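The values are calculated or read from the model by the stated rules, or taken from the named source; none is laboratory data. Predicted model only: the values in this text are computed from it and were never measured. Heads up, the Cβs are rebuilt from the backbone with ideal geometry, glycines too, and the neighbour counts pull from every protein chain shown.
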Amino acid sequence: MERKLVKFRRSLHRNPELSGREDATSAAIQDHIAAYLPDNLITGLGGRGVAAEFKGSESGSRILLRCDMDALPINEDLDVPYSSVIAGVSHKCGHDGHTAIMMGVAARLHEHPPARGSVVLLFQPAEETGEGASRVIIDSKFKDIEPDFVFALHNLPGFPLGSIVLKNGTFSSASRGITVELTGASSHASEPQKGKSPALAVAKIVEAFTGHSQPSISKGDASELTVTHVRVGSENYGTSPGEGCILAVLRTRTTEEMMYFSRKVEEAARAIASNNKLDCRISWTDEFPVTENSPKAVNAIRSAAGNLGLIIVQPDTPFPWSEDFGHFTEKFPGALFGIGAGTDTPALHSSEYDFPDELIPLGADIFIEIVNELLNFSDHIMK
Ligand SMILES: [Zn+2]
Ligand SMILES: [Zn+2]
């Protein structure tokens with residue numbers, strides 16, 4: 001069975017699809033999950049999402065386990081038989097592995113259905129753009145599977161292979177992308193005074209955004225901002241530019257800090273634009289809330305890891321990266337946790353990264369243990 005899961009993971013790896021375009025991935029999931037005879041199968045959830053529910057014979061809580069399934073616009077730098085066949089697109093965050101883990105959970109639930117309650121396996125699209133989770137939640141089909149608890153894992157290079165990375169409260173940070181578009185007026189490059197070039201304002205905004213020293217939330221600062229793209233006019237020598245833009249990403253460790261920081265950043269950009277007599281349009285995108293872990297969910301993961309004899313690592317501060325699973329923990333009690341991908345494994349989103357196949361059975365086992373902790377143990381005790 002595990003060989004079948006590795007084969008499945010590698011077939012996804014060979015055929016990666018970008019966020020929101022996971023047609024073949026979604027079809028492959030539907031194809032494979034059908035063999036495990038779920039009691040309820042929902043497709044086209046929030047786009048290309050798939051949810052499979054396995055029900056127990058007695059009533060009880062509904063637990064949703066979520067995996068992501070999208071790949072990234074990164075060229076693969078890997079020489080393996082299953083390397084990506086799509087130029088410029090590859091699975092560099094291990095969502096192929098997360099999907100295979102979830103298929104492993106389906107295989108285990110098919111063999112041993114939950115005694116009570118139910119388990120929903122959600123294969124979520126478009127995680128990398130921060131759109132998938134919220135689209136799933138607002139989809140009317142999601143009402144049929146509203147959960148009592150939600151869980152998700154992410155593989156984490158830099159941590160011992162198979163260790164469980166666990167934290168109460170905020171696990172991963174909030175992030176938001178800002179686009180600042182400045183409009184003045186173009187003119188002949190020999191007569192710049194007849195136009196209104198945004199070049200200087202763009203430089204001032206980059207300076208204001210970047211500051212003199214770069215804060216870092218991984219080092220304990222409340223917020224950080226990274227300028228990711230800057231453009232003024234087009235590449236030429238004949239025209240003084242009439243428009244420009246700056247793209248940046250903001251990160252904070254709480255929602256309140258994000259609201260405050262966003263307002264400050266907007267004010268700074270608008271003030272510079274207005275001092276330079278330029279029109280300023282600001283828009284926000286790629287919104288990821290913080291992932292807030294509930295104590296009960298964290299306890300269930302801790303017991304599950306203990307039952308399997310896994311090492312538990314407990315970081316003191318939230319991770320600086322973001323996960324759109326935060327949209328789920330905003331609405332339902334639950335937790336996101338990490339599974340160590342090995343101390344020498346290349347970083348996520350790097351072109352040499354590959355998901356370690358050893359984590360597939362382990363990931364499926366830990367999810368099953370969590371389900372058992374909550375459905376067979378806690379529910380029972382509460383009754
Ligand atoms: Zn990623
Ligand atoms: Zn990821």
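Here are a few things to note about the model shown:
- Count of residues meeting criterion [within 15 Å of Arg21 (Cβ to Cβ), within 16 Å of ligand 1 (Cβ to nearest atom) and in contact with a Lys or Arg (Cβ under 9 Å, 6 or more places away or on another chain)] in the range 53-90: 5
- Tally of residues being among the aliphatic types (A, V, I, L, M), touching a Leu at 6+ places or on another chain (Cβ under 6 Å) and within 16 Å of ligand 1 (Cβ to nearest atom) across the range 91-126: 0
- Reported count of residues in the range 98-129, each being away from ligand 2 (no atom under 16 Å from the Cβ) and assigned to a strand (DSSP E or B), is 6.
- Some residue of the range 133-142 being in a loop (DSSP other than H, G, I, E, B), more than 15 Å from ligand 1 (Cβ to nearest atom) and in the same structural domain as Gly158 (by TED's automatic domain parsing): yes
- Unique match (being within 20 Å of the chain's Cα centre (by Cα) and either assigned by TED's automatic domain parsing to the domain that holds Glu191 or at pLDDT 95 or above (or both)) among Thr254, Thr210, Thr239: Thr254
- Of everything listed in (1) without any contact (Cβ under 8 Å) to a residue 24 or more places away in the chain; (2) not in a loop (DSSP other than H, G, I, E, B), the single unmet condition for Gly309 is (2).
- Members of the range 19-60 that are of a type outside the set (D, E, K, R) and assigned to a loop (DSSP other than H, G, I, E, B): Ser19, Gly20, Leu37, Pro38, Gly46, Gly47, Gly56, Ser57
- Failed item, numbered, when Pro16 is tested on (1) out of contact with any Phe, Trp or Tyr (no Cβ under 9 Å at 6 or more places or on another chain); (2) part of a strand (DSSP E or B); (3) buried (at least 21 other Cβ atoms within 10 Å of the Cβ): (2)
- The residue that is surrounded by the fewest Cβ atoms within 10 Å (Cβ to Cβ), counting only those in the range 60-108 that are touching a Phe, Trp or Tyr at 6+ places or on another chain (Cβ under 8 Å) and β-branched (Val, Ile, Thr), is Val105.
- Any hit, the range 333-348, residues being assigned to a loop (DSSP other than H, G, I, E, B), among the acidic types (Asp, Glu) and more than 14 Å from ligand 2 (Cβ to nearest atom): yes
- For the range 327-358, taking the residues that are within 16 Å of ligand 1 (Cβ to nearest atom) and aliphatic (A, V, I, L, M), the one that is farthest from Arg66 (Cα to Cα) is identified as Ala347.
- Check on Ser84, touching a residue at least 60 places away in the same chain (Cβ under 8 Å), small (Gly, Ala, Ser), touching a Ser or Thr at 6+ places or on another chain (Cβ under 9 Å) and more than 21 Å from Val50 (Cα to Cα): yes
- Selection status of Asp279, free of Cβ contacts under 8 Å to residues at least 12 places away in the same chain and more than 15 Å from ligand 2 (Cβ to nearest atom): no
- Residue match in the range 197-210 (condition: assigned to a strand (DSSP E or B), surrounded by 15 or more Cβ atoms within 10 Å (Cβ to Cβ) and touching a residue at least 24 places away in the same chain (Cβ under 8 Å)): no
- Some residue of the range 136-146 being touching a strand residue (DSSP E or B) at 6+ places or on another chain (Cβ under 9 Å) and polar (S, T, N, Q): no
- Candidate set from the range 312-325 (those that are buried (at least 21 other Cβ atoms within 10 Å of the Cβ) and either assigned to a loop (DSSP other than H, G, I, E, B) or assigned by TED's automatic domain parsing to the domain that holds Ala222 (or both)); member that is nearest to ligand 2 (Cβ to nearest atom): Glu323
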